[in-house]
Amino acid sequence: QARGREDALEDQHQRTAESLSMAIQMYGLKNCDTCKKARNWLDRHAVEYRFIDYREQPATPEQLKRWAEAAGGFEKLVNRAGTTWRNLPPARKTPGSTPEWTLLIREYPALVRRPVLVMADASVLVGFAAKSWESRIGSRE
């Protein structure tokens, strides 16, 4: 009977892992090298996901707010080292409110640190770091 409970727990864990992986949405840009590395990592680890290019399907202001909360604020969600940020007019580099941030990011989607993973439990991972992803997502190999 103990083995039956263990089997049931393993089955439940497997179903949970499968539903988690199938519900992963990866937001990024098709031609972004970091997004390509992240997609390769997911593929190598047999993690199912749906890729969404947010130039073609822009994130909503609500999504951007959730991503910023997960990243620790808009300042951390935005990649200030990239050429898109550096080429902004100085007046655009000081958004003072959430609506100003969301407007700026919707106008310049390449500002977002990539990729953004939205998990089944609605948690968000911003940026690609293999070790962090391994501990959060795991491997299905």
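Across the stretch 80-141, Cα-Cα pairs farther apart than 15 Å form 62% of the total.
How big is the dipole moment of the stretch 36-99 about its Cα centre under a simple scheme where the beta carbon of each Lys and Arg is +1, that of each Asp and Glu is -1, and everything else is neutral? Debye, nearest 20, please.
Values: 13 positive and 7 negative charges, 63 e Å.
It works out to roughly 300 debye.
Give me the Å³ per residue figure for the convex hull around the C-alpha atoms of the stretch 44-103.
Numbers: hull volume 8.0 nm³, N = 60.
Convex hull of Cα atoms, per residue: 134 Å³.
Going by a ≥ b ≥ c, the root eigenvalues of the Cα gyration tensor, does the stretch 15-141 fall in the rounded group (a/c under 1.5), the prolate group (a/b larger than b/c) or the oblate group? Please report the intermediate quantities before stating the final value.
Details: a/c = 2.27, a/b = 1.85, b/c = 1.23.
Prolate.
Among the chymotrypsin sites (Phe, Trp or Tyr not before Pro) within the stretch 61-95, which fall in a DSSP loop and have no more than 12 other Cβ atoms within 10 Å of their own Cβ?
Numbers: sites: Trp67, Phe74, Trp85; in loops: none.
Loop-located and lightly packed - none at all.
Placing a pseudo-label 7 Å from each Cα along the Cα-to-Cβ vector at Gln57 and Ala129 gives an inter-label distance of 2.7 nm.
Values in this text are rule-based calculations from the coordinates and carry no lab data. Bear in mind that the values here come from a model prediction, so they are computed numbers and not experimental data. Counting neighbours? That spans all protein chains shown, and the Cβs are built from the backbone with ideal geometry, glycine included.
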